[in-house]
Structures are given as C-alpha cells and as structure tokens.
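Single-structure report; data block below.
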Amino acid sequence: MAENTKQTAMAGSTGAEAELDMDQKHAYVREWLEKVFTGEEVPDYEINSQTIDCLYRMARQNETREREAEILMEDFEQKTEEYAAETARLQSMMNWLGFSTADLTPAGQSYVNTLVGTATALDLRDCSDTSLCLALTDLSQRLSSAAVRVEEEEREGERLERQMRASLLREAAHRRALDELSKEAAEQAPTLAKQKKESEFLKQKTKQYHKLVTSMKEELTQSGYEPGLSHGTLQQCAKEIEALQSQLEPLQAQLASYQGLPPVSHTHISSTH
C-alpha cells in the first residue's frame with residue numbers, strides 16, 4: 001500500500017514539476033523551507049533554475065515520504081485498535097466462560113506463547129485458521145522456491161568445481177612441461193654456450209678476413225692489377241691455348257710429312273712445262 005502511494009505521489013510530482021514555471025516552483029520551495037525551518041531563519045540559497053529545480057524535487061520527495069509515514073502510522077494505529085478489540089473480545093469470552101490465562105497449565109501457556117510467536121514471525125493480522133493457513137502456504141511456496149534456488153546453486157557449484165579441477169589439471173600439465181623445458185635448457189646450456197663461443201669466434205674471423213680482403217684489393221689496385229689477370233681469366237686462356245694446340249698438332253704433322261720429300265729442281269720443272 002505504501003509502495004503504491006509512493007509511486008502515485010512520484011508520478012504526480014513529475015507531472016506537476018513539468019507544468020510549473022520557475023516562479024511557482026520558487027514559491028513552493030520557499031513555503032516548504034519555512035515549514036522545515038519553523039521558528040528559524042531560512043538559510044540563503046542561490047536563485048537559479050538548477051538550484052530551484054533541485055530544491056523543488058527535494059520538497060516533493062520529502063512531502064511524499066511524509067505522506068507515506070502518515071499512512072503507515074494510520075495503518076499501525078488501525079491494527080493496534082483491531083488487536084485491542086480482538087483482545088477485549090477474547091478476554092470477555094474467556095471471562096464469560098470463567099477461564100483466564102492464569103488458569104492455563106504450563107503446557108497450555110507454552111502453546112499460547114508458541115502461537116503468539118508463530119503469528120508474530122509470520123506477520124499475521126490475527127491468529128485465525130485462515131490467516132495461519134495462508135501464511136503457511138506462502139511460507140511453503142517460498143521454501144520450495146528456496147529449495148529450487150539451492151538446487152540450482154548446487155548444480156552451479158558442481159559445474160564450477162569441475163571447471164576448477166580441469167584448470168588444476170591443466171596447470172599441473174603446464175608445470176610439468178615447464179619443468180621439462182627447464183631441465184632441457186639446463187642440459188643444453190653448455191652446448192649453447194660452446195656454440196655461442198664458436199659463433200663469436202667465427203664472427204671475429206669473418207671481420208678479420210673481410211679486412212684482409214679489403215687490404216689485398218687495395219694492394220692489387222695500387223700494383224696495377226687488371227680484371228683480365230684474374231685467376232678465372234687465366235684459366236680461360238689456358239683452356240683456349242690447349243684448344244689451339246690440339247688444332248695445331250695435325251698441321252704440324254702434315255708439315256713434317258712435306259719436309260721429308262726431295263727438293264724439286266728448276267730444270268725438271270721447265271721440261272715438264
């Protein structure tokens with residue numbers, strides 16, 4: 001009931017706030033502040049749209065809460081009157097029957113106290129069978145809903161537990177792999193150090209050879225070296241000479257055969273002609 005009243009008041013406040021202009025809001029705020037500071041001087045505040053809107057909303061909310069408090073107080077007073085009337089009715093019935101709570105046995109007094117405690121715990125309007133049944137039904141429904149939520153939470157807990165176990169297994173596997181890699185790295189450390197040392201030695205030698213080659217090239221250039229005198233060129237020339245020699249050998253043999261013939265006289269040549 002209080003919640004519905006609050007929503008209605010807030011809706012009305014929003015509509016009224018949209019309809020009022022700044023002067024009307026200021027008058028409303030001023031009246032509210034004078035009511036709040038009754039008998040005291042109202043503190044100074046800036047008069048602008050932002051401040052007035054803020055104070056106006058505060059005033060509306062304050063009045064809404066005051067109305068809600070009044071409704072709750074009226075409800076409590078009504079319940080108190082109803083409880084008092086019910087108590088008086090029951091008391092008159094007990095007096096008419098000649099029965100008093102003082103005449104109850106300890107067990108009966110305990111039952112009455114239990115009934116009162118149950119009604120209080122269930123927040124009952126009265127201790128009638130209908131109220132008790134409705135309250136117990138509602139409690140049973142809430143208990144069923146709680147049981148369903150507990151079951152869902154248990155399933156979620158089991159799922160999370162399975163995930164945690166799988167994560168632990170993966171972590172253990174990763175740790176074993178890391179240990180094996182660390183062991184292999186420790187075993188290969190001397191070999192890697194030796195290879196590193198050899199690599200550095202080769203780098204130094206490469207630099208030395210590069211400097212030596214550069215120096216020799218400069219010396220060759222200064223001494224008049226030409227590309228035609230390179231080793232490759234000389235090898236090519238040697239191959240060409242060998243080819244020419246192989247071509248010259250038949251010619252030399254033919255020339256030798258001609259040199260073995262007798263000389264031809266000029267007389268014989270003339271007679272022949």
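Where a number appears in this text, it was derived from the coordinates with a stated rule and is not lab data. Nothing here was measured: the structure is a model prediction, and the numbers come from that model. Virtual Cβ from ideal backbone geometry, glycine too; neighbours counted across all protein chains shown.
So, R0 is 45 Å and r is the distance between the beta-carbons of Glu249 and Ser215; what FRET efficiency does that work out to, to 0.05? Once rounded, the FRET efficiency stands at 0.50.
Label sites at Arg170 and Glu152, each approximated as a point 7 angstrom past Cα along Cα to Cβ, lie 2.7 nm apart. With 0.36 nm allotted per residue and the present C-alpha distance subtracted, the Arg30-Met93 stretch has 17.0 nm of extension available.
Bridging of Lys207 to lysines at a Cα separation below 19 Å is possible for Lys196, Lys197, Lys217, once same-chain residues fewer than 8 apart are set aside. Label positions at Asp123 and Arg65, each projected 7 Å from the Cα along the C-beta direction, are separated by 2.1 nm. Here the label points at Glu86 and Val116, each 7 Å from Cα along the C-beta direction, are separated by 1.4 nm in the simple model.
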